[in-house]
Amino acid sequence: MVYHIIYDGNCNLCATFTQVLAKFDQGNLFDYIPMQDQETLKQFKITAQDCEMGMILIDGNNPNNRWQGSNAAEEIVNLLPLGQAFILAYRSLPGMKWLGDKTYEQVRDNRYNWFGKREKTYDAPYPFGCHETDKL
């Protein structure tokens, strides 16, 4: 099973998150597409405007299954070992989902001001196309 993560390759925070996740996962579950790669995004019918609403997670086995923003972040954690227990606990606490959504929106909207913008787009070590299942 492979999932595609669309991230902002010009955002320092997003690139760091991608680096950490790639190091942990080693390309077993996730591959990565910077939102600046418009040619690849066209294959998924995703526009630059779509990407402005936050990271996107796509199920490689069923590309119509998609999560975006804080929902994508939650699903990524959910897919990791022991992640499901964390997400269940997180979602069971009153108000946490709302707080998580609002926090994600603030970080998304201020990511360049708070964490800086890269001069060159970060390309992850496990790009889209590195798995046999990456054929659309």
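The values are calculated or read from the model by the stated rules, or taken from the named source; none is laboratory data. Since the structure is predicted, the reported quantities are computational estimates derived from the model, not experimental observations. Glycine also receives a Cβ, built like all others from the backbone with ideal geometry; neighbour counts cover every protein chain displayed. Accessible surface is based on the protein model in full, side chains and every heavy atom, while ligands, DNA and RNA are left aside. Shrake-Rupley method; radii C 1.70, N 1.55, O 1.52, S 1.80 Å.
Structural remarks
- Within the stretch 1-76, strands (runs of 3 or more DSSP E) holding 3 or more residues that are within 18 Å of Phe115 (Cβ to Cβ), of a type in the set (A, V, I, L, M, F, W, C) and open to solvent by less than 30 Å² (accessible area, probe 1.4 Å): none
- Residue match in the stretch 92-102 (condition: within 20 Å of Ala22 (Cα to Cα) and touching a residue at least 24 places away in the same chain (Cβ under 8 Å)): no
- The stretch 77-91, residues that are in a helix (DSSP H, G or I) and free of Cβ contacts under 8 Å to residues at least 60 places away in the same chain: Val77, Asn78, Gly83, Gln84, Ala85, Phe86, Ile87, Leu88, Ala89, Tyr90, Arg91
- Within the stretch 45-74, the set of residues being more than 12 Å from Tyr7 (Cα to Cα), in contact with an Asp or Glu (Cβ under 8 Å, 6 or more places away or on another chain) and at pLDDT 95 or above comprises Asn65, Arg66, Trp67, Ser70.
- Test for Arg111: is it surrounded by 14 or more Cβ atoms within 10 Å (Cβ to Cβ), basic (Lys, Arg), modelled with pLDDT of 95 or more and out of contact with any Cys (no Cβ under 6 Å at 6 or more places or on another chain): no
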